[in-house]
Amino acid sequence: MNVSDAIRSRRSVRKYKNDTVPDGHIRLILEAAMAAPSACNTRPWEFVVVTNEDARKKLAQVHPFAKHAAHSPAVVVICALPETQGRVADGFFPQDCGAAAQNILLQAAELGYGTCWCGVYPKEKLIDAVREALDIRSLPFCLITLGLPDEAPAARGFYEEAKVRFIR
């Protein structure tokens, strides 16, 4: 699958088969995430991979839009490290972590997995709840459920000519 195919075939999947995601595939997905661009190459992120069923259920309980985390084989939580960015790159961590998230989605699609990106940052109550559920100190930016899809949602993204302006 090429990048264009991955972009156009990617869907938000909320139903997964019970199959586990092999560690080798998780590593490929995380390598793709860490290949994302970041301001001044600060790489202000760390990743928490949750395969433990009880921990996934906790995430599903605390995140109102991630109930499906309880039934996905894996959840990747992208955590921001804004304090690592320094003066020049200060404040760019949302863009940097967003780029890492997109790379996860595309690499997973190429490997045949379904994903669903569920935002956490900037919702303070949600940040605190995810921190507590996983016993982490870093800043949860988003969580991405991951697994072999057990549904085939229709495409929702499309090109809108009216939202494009060329300055030539």
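May I ask you to list the residues in the stretch 127-168 that are closer than 28 Å to ALA80 by Cβ and basic (Lys, Arg)?
Passing the criteria: ARG131, ARG137, ARG156.
Tell me whether the stretch 40-63 contains one or more residues that are in contact (Cβ under 8 Å) with a residue 60 or more places away in the chain, surrounded by 18 or more Cβ atoms within 10 Å (Cβ to Cβ), over 18 Å from ARG137 (Cβ atoms) and in contact with a Cys (Cβ under 9 Å, 6 or more places away or on another chain).
Within the stretch 40-63, one or more residues are in contact (Cβ under 8 Å) with a residue 60 or more places away in the chain, surrounded by 18 or more Cβ atoms within 10 Å (Cβ to Cβ), over 18 Å from ARG137 (Cβ atoms) and in contact with a Cys (Cβ under 9 Å, 6 or more places away or on another chain).
Does ALA129 fit the bill of being closer than 15 Å to LEU59 by Cβ, of a type in the set (Gly, Ala, Ser) and at pLDDT 95 or above? Walk me through it before giving the result.
Numbers: closer than 15 Å to LEU59 by Cβ: yes; of a type in the set (Gly, Ala, Ser): yes; at pLDDT 95 or above: yes.
Spelling it out, ALA129 is indeed closer than 15 Å to LEU59 by Cβ, of a type in the set (Gly, Ala, Ser) and at pLDDT 95 or above.
Determine whether ALA129 is more than 30 Å from ASP5 (Cβ to Cβ), small (Gly, Ala, Ser) and crowded, with 19+ Cβ neighbours inside 10 Å.
On the way: more than 30 Å from ASP5 (Cβ to Cβ): yes; small (Gly, Ala, Ser): yes; crowded, with 19+ Cβ neighbours inside 10 Å: yes.
Here the answer is yes, as ALA129 does meet what is asked.
Go through the stretch 1-27 and count every residue that is of a type in the set (Ser, Thr, Tyr) and part of a helix (DSSP H, G or I).
Adding up the residues that qualify gives 2.
Do we have GLN61 as part of a helix (DSSP H, G or I) and under 18 Å from ALA32 (Cβ atoms) here? If you could, list the steps in order and put the result at the bottom.
On the way: part of a helix (DSSP H, G or I): yes; under 18 Å from ALA32 (Cβ atoms): no.
No.
For every residue, the table says whether it meets (1) touching a Ser or Thr at 6+ places or on another chain (Cβ under 7 Å); (2) among the basic types (Lys, Arg); (3) under 22 Å from SER38 (Cα atoms).
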{"site": "LEU81", "(1), (2), (3)": "yes, no, yes"}
{"site": "ALA133", "(1), (2), (3)": "no, no, no"}
{"site": "LEU139", "(1), (2), (3)": "no, no, yes"}
{"site": "LEU146", "(1), (2), (3)": "yes, no, no"}
{"site": "ALA152", "(1), (2), (3)": "no, no, no"}
{"site": "TYR159", "(1), (2), (3)": "no, no, no"}
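So GLY24 clears everything in (1) small (Gly, Ala, Ser); (2) surrounded by 14 or more Cβ atoms within 10 Å (Cβ to Cβ); (3) farther than 14 Å from THR145 by Cβ; (4) without any contact (Cβ under 8 Å) to a residue 40 or more places away in the chain except one condition, right? Which one?
(2)
The values are calculated or read from the model by the stated rules, or taken from the named source; none is laboratory data. No experiment lies behind these values; they were computed from the predicted model shown. Virtual Cβ from ideal backbone geometry, glycine too; neighbours counted across all protein chains shown.
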